[in-house]
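K.L.:
Attaching a single structure in structure tokens format; questions to follow.
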Amino acid sequence: MPADKRKKELLDLFQDLTSKTEIVEPMKKIHGSLRDRDAVGREIALIMREILDQGFFQTKLSPRQLATLVIAFNEGKNDTEIARELGNEKLAKTVARARVRIKLFRDSDFDMPFERSELTDLVDSGKTMNEISQTLGISSSSLREYRHVIAMDEDATLDPYLERIKDVIEDRDLSEQMTRGVTNDGLAEAIDVTEAEMIDIT
């Protein structure tokens, strides 16, 4: 079927389904409203700058790099992949520590060879970190990482900022779902044609 004829049939179908010209503009708005990765990154970076300016934690990563970390984590990338996206695979440990600080936990973060209550009891007993690591049979570096995870999990300082970041991410996800809902129903070409006609008219 010639492309022009198919576009006309899709446009006719789209107009029959909507029955109202008023829906063209809302559909156009939805079709073109996807907040791209860069826009979302800028919003998150602004929140990250607030967090860093308040001195809540220190990191070698810039606000924009932290925003990239958040987005990449949300896309399912591991710490090494995130570090690679930041341009340096050697940043994997820095990424991991910053990720935990902003409560982007992985299941593996809590895969500890001891009960959390056991560590708490040992700390409360007054033992040094070296003594605790020996008692638990783990290295001092591993102990520090586990303590960091537990401390950040229990720390609510950043929660208001993290809720704002979560809202930005969820808004992006919702926008993507709405856009997919419009374009995956076979009317994408018709919508594009309608938008083009609207532009010609205006």
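The values are calculated or read from the model by the stated rules, or taken from the named source; none is laboratory data. Computed from a prediction, not measured in an experiment: that's the story for all the values here. These area figures cover heavy atoms from the full protein model, side chains too; ligands, DNA and RNA do not enter into them. Shrake-Rupley method; radii C 1.70, N 1.55, O 1.52, S 1.80 Å.
K.L.:
How large, in percent, is the carbon and sulfur part of the accessible surface of the stretch 67-108 at a probe radius of 1.4 Å?
P.N.:
44
K.L.:
Ordering ARG144, ARG37 by accessible area with a probe of 1.4 Å, largest first, what comes out?
P.N.:
Largest accessible area first, the list is ARG144, ARG37.
K.L.:
Now for a different question. Using a 1.4 angstrom probe and counting only protein chains, how large is the accessible area of GLU154 in Å², to 10?
P.N.:
Solvent-accessible area, nearest 10 Å²: 130 Å².
K.L.:
To continue, here is another question. Extension gain SER62-SER117, at 0.36 nm per residue separation less the Cα-Cα distance, in nm?
P.N.:
Using 0.36 nm per residue and subtracting the Cα-Cα distance, I get 16.3 nm.
K.L.:
How many Å² of accessible area per residue for the stretch 92-178, probe 1.4 Å?
P.N.:
With all protein chains present, the stretch 92-178 gives 58 Å² per residue.
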